[in-house]
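One structure below.
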Amino acid sequence: MHKSSASRVVGVLLATALGCAAEADWARFRGPAGSGIGVAPEVPSNLTEKNFRWNTGLPGSGHASPVLWGSRVFTACQDPAGQRRCLTCLDADSGKILWTTWLPCEEQRMHNDNSLAAATPAVDAQAVYIGWVSGDRVEVLALDHAGKQVWRRDLGAFKATHGPGASVMLVDDVLVVTNDQGSADAALHGLDRKTGATRWRIARRSGQPSYATPALRQGKDGREELVVASPAHGLTGLDPQTGKQLWAVEDLLSLNVVASPVLGDGLVLATAGRGGDREGAVVAIDGDSARLLYRPEAKVPYVPSPIVIGRHVYLWNDQGTVSCLEFKTGKQAWSQQVTGPTYASPVSDGKRIFGISRKGELVVLAASPEFRELGRLSLPEGTHATPAIAHGSLFIRTFNRLLRVGP
């Protein structure tokens, strides 16, 4: 499904976004269909602090990305003592905090760069949903738009050296939860979004955990497919309504999987890596034939997810190097050192790419096979969180604040 125009790419991605209504601007991690692409034509490339519409202090710290439904913004925080977590809701127009619902949590082992509030919520017209770990148990809960708990589920044991990180996602009435990790309870879950009841459960081999949030694609027959990436199972396509496996390509991703897979032109691209030695791998498969296409040589992102725009895929790696590859072939167009260390995934309006370093340096690049830097701005503090694009603006979550940048 080749598109020569970036604007047409944006339109198609937004139109297929998880069955959400038009008012759901950015309802999950990386937005519509997990693409990382939204609409922000009035956000200038050469940003300054004058472009902050509002800058609100949050009730706690965290790495969860913001999600939006209508005029409401939701994110997660932890308290300074690390004994409670919350979901908090802000007004998208004013930045005013509307409510905060705190919930207790038990101590857990995690990486120093992780957080009790690392997972991003998902949201629809009825509720906001989140999955996280308390002690050694996976919990999933739904709150209504007033902050009142609707349901809560315990999905079993969790075991991972670096702690939790995967985010939930909605496909129509099914809440997809990935508990792909090292315990005997490792599984993929499809829950009824209204009640939390199990629609389907797929047991997974315990082993190296996957922190990746699945992507959603349409197969050549038009049916929706979940694309799940993990070290133990490689890349897998599932029916989101039943959990039935549609295809699988194993033995692809022997390293840790943190970044979400990305899609385009019927292809699926995934990355895997390891933090300390900067080792990594990229694989691209044909999602219709489940056939490996290429393994490009590139500076691979470990934590940040790639982004596909038109004919190219952009890899913004953990050390701040950005590489542009032809998506169908893996041929490299350019590679440039742009920022310092980075955990946030890049987002785009189809013409520009917005990326933020861990120290809070926001950089704007042209989405082009020729490297062009368009703007740069230092934020008030650092961040590990991926921005959202909604209402024509960027919504940026730093460690302790949420900012609306743009109109």
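The values are calculated or read from the model by the stated rules, or taken from the named source; none is laboratory data. Values in this document were obtained by computation on a predicted structure and should not be read as measured data. So basically every Cβ, Gly included, is an ideal-geometry build from the backbone, and we count neighbours across all protein chains shown.
Observations
- The range 357-387 - residue that is of a type in the set (K, R) and within 21 Å of the chain's Cα centre (by Cα) and, of those, farthest from E49 (Cα to Cα): R358
- None of L235, L191, L175, L216 is in a strand (DSSP E or B) and surrounded by fewer than 24 Cβ atoms within 10 Å (Cβ to Cβ) except L216.
- Unique residue being within 22 Å of the chain's Cα centre (by Cα) and at negative phi when the list is F52, F74: F74
- Scanning the range 40-75 for residues being assigned to a strand (DSSP E or B) and closer than 18 Å to L394 by Cα gives a total of 13.
- Within the range 6-48, tally of residues that are under 21 Å from P369 (Cβ atoms), over 20 Å from the mean Cα position of the chain (by Cα) and at pLDDT 90 or above: 1
- Residue in the range 222-232 that is more than 18 Å from S260 (Cα to Cα), surrounded by fewer than 19 Cβ atoms within 10 Å (Cβ to Cβ) and free of Cβ contacts under 8 Å to residues at least 12 places away in the same chain present: yes
- In the range 360-378, the residues that are part of a loop (DSSP other than H, G, I, E, B) and touching a helix residue (DSSP H, G or I) at 6+ places or on another chain (Cβ under 9 Å): A367
- Of the criteria (1) surrounded by fewer than 21 Cβ atoms within 10 Å (Cβ to Cβ); (2) modelled with pLDDT of 95 or more; (3) in contact with a Ser or Thr (Cβ under 6 Å, 6 or more places away or on another chain), which one K299 fails: (2)
- The set of residues from the range 79-96 being among the basic types (K, R) and either assigned to a strand (DSSP E or B) or closer than 14 Å to G60 by Cα (or both) comprises R84, R85.
- The criterion of being free of Cβ contacts under 8 Å to residues at least 60 places away in the same chain, under 19 Å from F395 (Cα atoms) and touching a Lys or Arg at 6+ places or on another chain (Cβ under 8 Å) does not hold for C105.
- Residues of the range 194-208 classified as part of a strand (DSSP E or B) and free of Cβ contacts under 8 Å to residues at least 12 places away in the same chain, total: 1
- Filter pass, I309 being β-branched (V, I, T) and in contact (Cβ under 8 Å) with a residue 60 or more places away in the chain: yes
- Within the range 238-274, the set of residues being more than 21 Å from the chain's Cα centre (by Cα) and assigned to a strand (DSSP E or B) comprises Q245, L246, W247, A248, V249.
- The residues listed here are L325, L292, L402, L315; of these, the one that is more than 20 Å from the chain's Cα centre (by Cα), assigned to a strand (DSSP E or B) and at pLDDT 95 or above is L325.
- Exclusive hit being of a type in the set (K, R) and under 21 Å from V283 (Cα atoms), set K194, K220: K220
- Flag for R109 being in contact with a helix residue (DSSP H, G or I) (Cβ under 8 Å, 6 or more places away or on another chain) and either part of a loop (DSSP other than H, G, I, E, B) or surrounded by fewer than 16 Cβ atoms within 10 Å (Cβ to Cβ) (or both): no
- Considering the range 138-166, and only residues there that are part of a loop (DSSP other than H, G, I, E, B) and at pLDDT 95 or above, the residue that is surrounded by the fewest Cβ atoms within 10 Å (Cβ to Cβ) turns out to be A146.
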